[in-house]
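K.L.:
Structure in structure tokens, see below.
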Amino acid sequence: MKKVIIFLGIIVILFAAIGILTKMQNEEKVSEKNPYGKDALHPETIKQLDDPNYQNLILPDELKEKLDNKEDVTVYFYSPTCSHCQRTTPVVAPLAKEMKVDLVQYNLLEFENGWDKYGITETPTIVQYKDGEEVERITGYQDEEVFKKWFNENSK
């Protein structure tokens, strides 16, 4: 019986050590590459920090400034936990780059007030603003050709 208790104790200690090491690695990663300006990030956001498809981020203050200055901007509203976003981003990010569309990405998981502020009801949502005002939006997962047509009609 003593051997079982010792064995279980060792297993508990090993799991605790793994948990602590994982937390330390995530904290180190956040402090090194944190474009969000926040001390703590959701684990799914942390996973995307190195993903090349999630590098054109826009923060709430930056978006507000662009819209207040009546600039044209194409915004991709997404959530790292959204399965449709996980399918859409690898399509739209390279497509926008190829078409020379500056598609800025707004993380609704980190900045939840964006849902109400920009009238987002589902993710993914791409919104085209002209002169600081919304003119068109497309929501949900679509085929690449649909996004290509939308970018040509709204972002050129």
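The values are calculated or read from the model by the stated rules, or taken from the named source; none is laboratory data. The structure presented is a predicted model; accordingly, all values stated were derived computationally and were not measured. Every residue, glycine among them, receives a Cβ derived from its backbone with ideal geometry; neighbour counts consider all protein chains shown. Protein only, heavy atoms only, side chains kept; ligands, DNA and RNA dropped before computing areas. Shrake-Rupley method; radii C 1.70, N 1.55, O 1.52, S 1.80 Å.
K.L.:
Using a 1.4 angstrom probe on heavy atoms only, work out the carbon and sulfur share of the accessible area of the chain in %.
P.N.:
After summing per-atom areas, the C and S share lands at 55 percent.
K.L.:
What full-extension length gain, to one decimal in nm, is calculated for N56 and N113 as 0.36 nm per residue of separation minus the Cα-Cα distance?
P.N.:
Residue separation times 0.36 nm, minus the Cα-Cα distance, leaves 18.6 nm.
K.L.:
Peptides 129-140, 69-80, 44-55: what's the order by average Cβ count within 10 Å, highest mean first?
P.N.:
In decreasing order of mean packing, 129-140, 69-80, 44-55 become 69-80, 44-55, 129-140.
K.L.:
Still on this structure: Kindly state, to the nearest 0.05, the FRET efficiency for A40 paired with I11, given R0 = 30 Å and r defined as their beta-carbon distance.
P.N.:
The calculated FRET efficiency here is 0.55.
K.L.:
Please find the FRET efficiency linking R87 to K2, where r is the Cβ-Cβ separation and R0 is fixed at 41 Å, and quote it to the nearest 0.05.
P.N.:
0.20
K.L.:
Reachable lysines from K47, Cα under 17 Å, same-chain residues fewer than 8 places away excluded?
P.N.:
Filter leaves K23, K29, K33, K38.
K.L.:
Roughly how many Å² is the accessible area per residue of the chain, as a whole number, for a 1.4 Å probe?
P.N.:
Here the per-residue accessible area is 62 Å².
K.L.:
A further question follows. Over all distinct Cα pairs, what is the inverse of the mean 1/r for the chain, reported as the Kirkwood hydrodynamic radius in Å?
P.N.:
17.5 Å
K.L.:
Which one of L108, L14, L63 has the biggest mean-square fluctuation once the chain is modelled by GNM with Cα springs under 10 Å?
P.N.:
L14
K.L.:
Running a GNM on the chain with Cα contacts under 10 Å, which residue among V127, V12, V101 ends up with the highest mean-square fluctuation?
P.N.:
Between V127, V12, V101, it is V12 that shows the largest mean-square fluctuation.
K.L.:
Calculated from DSSP H runs of 4 or more alone, at -39500 (n - 2.57) each and per residue, what is the 222 nm mean residue ellipticity of the chain, nearest 500?
P.N.:
Helices in the chain give a 222 nm mean residue ellipticity of -16000 deg cm²/dmol.
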